[in-house]
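Here's the structure we're looking at; comments come further down.
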Amino acid sequence: MRISHLSAEVTPFAKSGGLGDVAGALPKAQAELGHDVAVWMPLYREVWEAMRKRGGEPEVACEPFSVGAQQVGILRTKLPDSEVPLFLIGADEYFNRPHLYSTAATGEDDGIVRYALFVRAAMAAMHRLWNAPEILHAHDWHAALAPMAVAWDRPRDWIFQNTATVLTIHNLAYQGIYPRRLFPVLGLPPDALPQADWDGAVNLMKGGIVAADAITAVSPTFAREILTPDGAFGLDPILRSRRGDLIGIVNGIDPLVWNPAVDPKIEVHYDASTVARKLENRRALLASCGMNPDERGMVVGIIGRLTHQKGFDLLFPVLGDLVGAGIRFVMLGSGERELERQMHRYSNISGGRFWGFVGFQDDLAHRIEAGADAFLMPSRFEPCGLNQLYSLAYGTPPIVRRVGGLADTVVPYDGTNRENATGFAFDAATPQALRDTVLWAQRCYHDPALWTQLALNGMRQDFSWKHSAELYVGVYNAVRRGKGVGTNLP
Ligand code: ADP
């Protein structure tokens, strides 16, 4: 099958979170299944920097052309360790900016213009390259114009006559909401406005949900949560109306990138048969943080975007209790100013028991996964979550809130299920619940045989992309036959 993925992030070229990791790995897994896969993304400044670091020049894919008043150039490179083409949409005014999601020089949020240009230019380039996909797979609101364009453009570009569309929701907290006066930017016929409108504004995610042939969410629990008012950020009525076309598919992990047996970013390689070597990574991590590498006692790793979603604010009120109990913390994150301030503050007052690094540092993320004893993810909501999967793969049992993909991927230890448990979980989004569960994990940590078993149970899970990639192909086959896909919802 010919499949084209459209994503605002693709690891290792540009990434702010899990979306990039998925768009960088799923297409490769589908290519390994024998499909003809391509990926499209904007040519951000960050992408130039990533290409420079990796070496190798991108090729020009086709002559520059214009989309409305904007001139665009299309370059072509490959996803690493694969033959999967990555097409880059170049338009300096919109993509050559300091950060992925930078606003315009005026400070205005021109995301609708940027991502409409991305999608329109990608679709125009598919036409020019005679590359008509059978499946156009859009990721999140940035690419959601693609299913709308295929469904509602008049006339529809003939090259998409046999194209079916899939929209994957990675995060519903970001929907791409803009004033109705900007609707013409999308290039859709005027009578499509009511379909893209939600609550008096253009809502790109909503339009994509209405238009796509199938909608996928990044875990079965998240797919159920977004049918309810609590989990859908206002879009539950729309999602309920598409229930028969919605399915949850959990993310996999890229075995060449997140694998302690081959990870070039960690001190010492290890696998389930040599897990004792993980201690070398622990020592290296602690030494690099200025902490005593020989001190026993649980070290908890934390990595993530500093947003309300991730629930890190639940930690700070009980950090004193946990540090007082002998637990140390190594945290990496960037985002909201107030949370960054808290990280600095606790780094200063914890007497070296809490080490917080504010910034985005991929190498450090790998070293934390390999070096920490346990990994904390107290998310308020979590569509899938990748860090808990990485920590399972690295033998670093995760301590999570039982929501979304965290509920689907971590088997909490309850004192009786050491045969199959892989981590710890709590339900209430409160500092007390977090504290009690971290303390419970600490008691288990002091039983080395139990702890090793939990770590090994996690390391032996199969989180490769193969299975999920097959499930996506099942969705593609269903939509091409005109069938619904909603198979794992109540
Ligand atoms: P989300 O997509 O909501 O950000 P995920 O757990 O699905 O959460 O994916 C997060 C990804 O981003 C992981 O690969 C994680 O290591 C990475 N990440 C998040 N914050 C940072 C950071 N400050 N430095 C390095 N990597 C980070």
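No value in this document is a laboratory result; all are computed from the given coordinates. In this text the structure is predicted, and so the values were computed from the model without any measurement. All Cβ positions, glycine included, derive from the backbone under ideal geometry; neighbour counts span all protein chains shown.
In the calculated pair distance distribution of the stretch 45-135, what percentage of Cα-Cα distances lie above 18 Å?
Result: 49 percent of Cα pairs exceed 18 Å.
³J(HN,Hα) across the stretch 169-179 via Karplus (A = 6.51, B = -1.76, C = 1.60, θ = phi - 60°), whole Hz, x for Gly/Pro?
9, 8, 7, 8, 6, 10, 10, x, 9, 9, x
Using a cut-off of 11 Å between beta-carbons, work out the net charge of the residues near Arg97 (Lys and Arg +1, Asp and Glu -1, Arg97 not included).
Around Arg97, the surrounding residues sum to -2.
Would you mind counting up the charge near Val262? Only other residues with Cβ under 12 Å from its Cβ, with Lys and Arg at +1 and Asp and Glu at -1.
Net local charge, Val262 excluded: -3.
Just to be sure I understand: if I project the alpha-carbon convex hull of the stretch 148-222 onto a plane and average over all orientations, what area do I get in nm²?
5.5
Which of the trypsin sites (Lys or Arg not before Pro) found in the stretch 406-456 are in a DSSP loop and have at most 16 neighbouring Cβ atoms, other than their own, within 10 Å?
Arg418
List the residues whose amide H sits under 5 Å from the amide H of Ser334, counting only those 5 or more places along or on another chain, with H placed 1.01 Å from N in the peptide plane.
Gly304, Leu306, Gly359
So how strong a dipole does the chain carry about its Cα centre when Lys and Arg Cβ are +1 and Asp and Glu Cβ are -1, to the nearest 20 debye?
180
When a footprinting reagent is the concern and you count Cβ atoms within 10 Å, what order do Arg337, Arg305 take, fewest first?
In increasing order of surrounding Cβ atoms, one gets Arg337, Arg305.
Angle check, please: helix 465-480 long axis (alpha carbons) against the longest principal axis of the chain (alpha carbons), in degrees 0 to 90, nearest 10.
For 465-480 against the chain, the angle is about 30 degrees.
Between Rg and the Kirkwood Rh of the stretch 411-460, both from Cα atoms, what is the Rg to Rh ratio?
0.99
For the chain, what relative contact order do you get, as a whole percent, if you take Cα pairs closer than 8 Å and at least 6 residues apart?
Relative contact order, the chain: 13 percent.
Greater than 21 Å separation of Cα atoms is the criterion. Which listed pairs, Lys15/Lys53; Lys206/Lys310; Lys15/Lys265; Lys28/Lys466, meet it?
Going by Cα-Cα distance, Lys206/Lys310 fall outside the 21 Å limit.
So what are the three principal axis dimensions of the chain from its Cα atoms, in whole Å, longest to shortest?
Reported extents, whole Å, longest axis first: 67, 49, 45.
Mind listing the phi-derived Karplus ³J(HN,Hα) values for the stretch 313-326, rounded to whole Hz, using 6.51, -1.76 and 1.60 with θ = phi - 60°, and x for any glycine or proline?
Along the stretch 313-326, the couplings run 5, 6, 6, 4, x, 10, 4, x, 4, 6, 5, x, 7, x Hz.
Treating the Cα atoms of the stretch 272-459 as identical point scatterers in vacuum, please give the log10 of the normalised Debye intensity I(q)/I(0) at q = 0.09, 0.19 Å⁻¹, two decimals.
The computed values of log10 I(q)/I(0) come out as -0.27, -1.40.
To test your reading of the geometry: what angle, between 0 and 90 degrees and rounded to tens, separates the Cα axis of helix 18-32 from the longest principal axis of the chain?
Value to nearest ten degrees: 70.
So how many Å³ per residue does the convex hull of the Cα atoms of the stretch 241-284 work out to?
121
Determine the equivalent ellipsoid of the stretch 435-477 by diagonalising the alpha-carbon gyration tensor, then write out the semi-axes as square roots of 5 times the eigenvalues, largest first, rounded to whole Å.
Working from the Cα gyration tensor, I get semi-axes of 36, 13, 4 Å.
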